[in-house]
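Asks: Here it is: the structure, laid out below.
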Amino acid sequence: MTTAVFSRRQGLEENGLLTALIVNGHVTAELLRNPKNNRWSCYISTEAAQSFSRRFMTSKMIGSAYDMPWRDVRKRMNDAGIASFTPDGKDYGLLHLRADVEGVLGKC
């Protein structure tokens, strides 16, 4: 699927978040030619999408998995002292390591 579709589905709608994750090596993607319009686009493979889901959770993913509004998710994570994923000080928005989330909310 395209990175744009993947971003929306995972809750990474903020401009450039997924691109930054790709550029900084946290997510893999491929540049492929779209056979319908002959344009080059960035795609996330099924394996890369699964790898992302095993490693990370967005607030949208957490809310869906634990049946919680995203604001409650943020409060629970903040109250537990769990910061967003910010390696080397880079801000990737409302993205958390799955292990941190499961440590606070339990395994989903």
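Quick note: the coordinates plus some simple rules give every number you see, no bench work behind them. Worth saying up front: this structure is predicted, and the values here are computed from it rather than measured. Here the Cβ positions follow ideal geometry from the backbone for every residue, glycine too, while neighbour counts run over all protein chains shown.
Asks: Between Ala49, Ala80, Ala29, which gets the highest mean-square fluctuation from a Gaussian network model of the chain, Cα cutoff 10 Å?
Replies: The residue that fluctuates most here is Ala80.
Asks: Here's something else I'd like to know. If you rank Leu97, Leu18, Leu32 by fewest surrounding Cβ atoms within 10 Å, what's the result? Present the calculation step by step, with values, prior to reporting the outcome.
Replies: On the way: Leu97 16, Leu18 26, Leu32 13.
Lowest to highest Cβ neighbour count: Leu32, Leu97, Leu18.
Asks: Please report the relative contact order for segment 3-105, taking Cα pairs under 8 Å with a sequence separation of at least 6, and give it as a percent rounded to a whole number.
Replies: Working: 108 pairs, mean separation 25.0, N = 103.
24 percent.
Asks: To one decimal place, what orientation-averaged projected area in nm² is obtained for the convex hull of the Cα set of the chain?
Replies: Working: hull surface 28.5 nm².
The Cα convex hull of the chain, projected and averaged over all directions, gives 7.1 nm².
Asks: Helix-only estimate, please: 222 nm mean residue ellipticity of the chain, summing -39500 (n - 2.57) across DSSP H runs of length 4 or more and dividing by its residues, to the nearest 500. Kindly include the intermediate steps, with their values, before the conclusion.
Replies: Details: 6 runs with 51 residues, N = 108.
Value at 222 nm, helices only: -13000 deg cm²/dmol.
Asks: Taking the beta-carbon count within 10 Å as an exposure proxy, list Trp70, Trp40 from fewest neighbours to most. Intermediate values should be presented prior to the final figure.
Replies: Values: Trp70 16, Trp40 10.
Starting with the residue having the fewest Cβ neighbours, the order is Trp40, Trp70.
Asks: Provide Thr2, Thr58 in ascending order of the number of other Cβ atoms located within 10 Å of each residue's Cβ, fewest first. Can you show the working numbers first?
Replies: Values: Thr2 14, Thr58 27.
Listing Thr2, Thr58 from fewest to most nearby Cβ atoms yields Thr2, Thr58.
Asks: Springs between alpha-carbon atoms under 10 Å, Gaussian network over the chain: tell me which of Ser41, Ser84, Ser59 tops the mean-square fluctuations.
Replies: Ser41
Asks: Further question on the same structure: Dipole magnitude of the chain about its Cα centre, charges +1 at Lys/Arg Cβ and -1 at Asp/Glu Cβ only, in debye to the nearest 20?
Replies: Roughly 320 debye, rounded to the nearest 20.
Asks: Of Asn15, Ser64, Val5, which is farthest along the charge dipole of the chain in the positive direction, counting Lys and Arg as +1 and Asp and Glu as -1 at C-beta?
Replies: Projecting each Cα onto the dipole axis, the largest value belongs to Val5.
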